[in-house]
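The structure appears below as structure tokens.
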Amino acid sequence: MNKLNKKLSVITLAVLATFQAQAEIRINGFANLTAGITSSDETLYGYDDSIGFASQSLFAIQVSGDISDKVTATGQIVARGDNDYAADFEWAYFTYEAADNISMSAGRLRAPLFRYSASSDVAYSYHWVVAPQSVYDVPFNNIDGIRVDYSGYTGDLEYTFQLTAGRIESDFILSGATASLTVDNTVGLSGDFVYNNWKFRGVYLTGKTTFDIPDLEPTFGLLSQLSADLSEQLRAKDDTGVFYGGSIEYDAFDWFVAGEYTAVEVENSFYPDEVNYYVTAGFRTGKWTPFVTYEKSDLNNTPKFLSDISGLPAAFQPGATQIVVGTQQLAVSENNTISVGTRYELETNIALKADVVKQSDDIGELDSTLIRFAVNYVF
């Protein structure tokens, strides 16, 4: 657990302790026990040809309590299998109910990026074994800042808007290299709409984006000797990043069909324009929910800054081209994924799931097949 998470833990537990005698403490939790094995020596989502349980398993506890009639404190501790089940505070925030349909939250919040952002870790809340990774596997999920929620209805139309502002920090791995992402001055707006059997959603988020990748610093330094301007363009440092997307769903109770689309752009950087989407459909019969899902992830575009290279002296162009194109290749990927599976309601608050996932790498021309089984429950 890092220093920030330790501080959040101490602060949240101290706050909860101060009003425990005066307010009811609500404790909820959820867990995903997921096992998987691939059919060959290719890896997929952290699984290989030996059955594994840790990659997509987790256990979480959420604690909330009323400080007053209008103020609530919430904290969520999550222990993830791919992090050796180390317990981290992922949520720690206060919510003020300004009116019946307006609330304001501050602290560490879930960034409202996707249809299932608030419940993406709660696998019990959806039909998949794990939410489609082509869309949901992003290097950040939380934001330190504030959020304003506004909800209402007009006739049969229900709507909710969320305005979010703050700072994003996250560590991740890019092509085997340790990296960190910072997005300052983040501002995002999302809207959810429900009309009869239809659900719609849209989101737009932007901020000053910085990727810190120590392994690339020598490369950027070498390029700066050829062109300082080109080196600065290739870096992702305080560049405007944009995330936008939308989803649509039709649920007729006996059957459903849904899709979600997201895109990421950090124009003046090595990071390629990114497009991800999925389409899913299924039906419900008794306790069973069979489904099929198709996913697409595309970060394979024409390399940027080639026109800038053409303006360099001819002797510099081959070396600059090798660096510029090679650096962008670190983030390049393109794949198609199809999964077929089912959900079974074992009993109240417990679901059993299984699926078969086949992913085709359009660049490396490699296919991976994964079989997964999961037990999801909430309490």
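Below 18 Å Cα-Cα, how many Lys pairs turn up in the range 94-378? Only count pairs eight or more apart in sequence, or on different chains, if you could. Count of close lysine pairs: 4. Short-range pairs are left out: with C-alpha atoms under 8 Å and at least six residues apart, the relative contact order of the chain is 13 percent. Potential lengthening of the chain between A79 and E347 amounts to 94.0 nm, from the contour at 0.36 nm per residue minus the alpha-carbon distance. A simple packing score, the average count of other Cβ atoms within 10 Å per residue, orders the peptides 26-32, 194-200 as 26-32, 194-200, with the highest score first. Phi-derived couplings, Karplus 6.51 cos²θ - 1.76 cosθ + 1.60 at θ = phi - 60°, listed residue by residue for the range 284-298: 10, 9, x, 8, 9, 9, x, 8, 9, 9, 10, 10, 9, 10, 9 Hz, with x used for Gly and Pro. Once the Cα atoms are used to define both axes, helix 217-226 deviates from the longest principal axis of the chain by about 40 degrees. What do you get for the angle between helix 317-329 and the principal long axis of the chain? Use alpha-carbon atoms, 0 to 90 degrees, nearest ten. The angle comes out near 10 degrees.
Centroid-to-centroid, using Cα positions, the range 286-314 and the range 118-157 are 23 Å apart. Calculated from the structure at hand, semi-axes √(5λ) of the Cα gyration tensor in Å is found among (i) 38, 22, 19; (ii) 36, 27, 21; (iii) 30, 25, 21 as (ii). Normalising the Debye intensity of the range 98-144 to I(0), with uniform scatterers on Cα atoms only, and taking log10 at q = 0.22 Å⁻¹ returns -0.84.
Helical runs assigned H by DSSP (4 residues or longer) give the chain a calculated mean residue ellipticity at 222 nm of -4000 deg cm²/dmol, each run adding -39500 (n - 2.57) before division by the residue total. Applying 1/(1 + (r/R0)^6) with r as the Cβ-Cβ distance of E217 and D137 and R0 = 41 angstrom yields a FRET efficiency of 0.95. Here the spin labels are modelled as points 7 Å beyond Cα on the Cα-Cβ line, and at V148 and D41 they lie 5.8 nm apart.
Each Lys and Arg contributes +1 and each Asp and Glu -1, all at the Cβ; summed about the Cα centre of the range 52-94, the dipole is approximately 60 debye.
Taking 0.36 nm per residue of separation and subtracting the current Cα-Cα distance, fully stretching the chain between A98 and I338 would add 82.0 nm.
Where a number appears in this text, it was derived from the coordinates with a stated rule and is not lab data. Given the structure is predicted, the values throughout are model-derived calculations rather than measurements. Cβ atoms come from the backbone with ideal geometry, glycine included; neighbour counts cover every protein chain shown.
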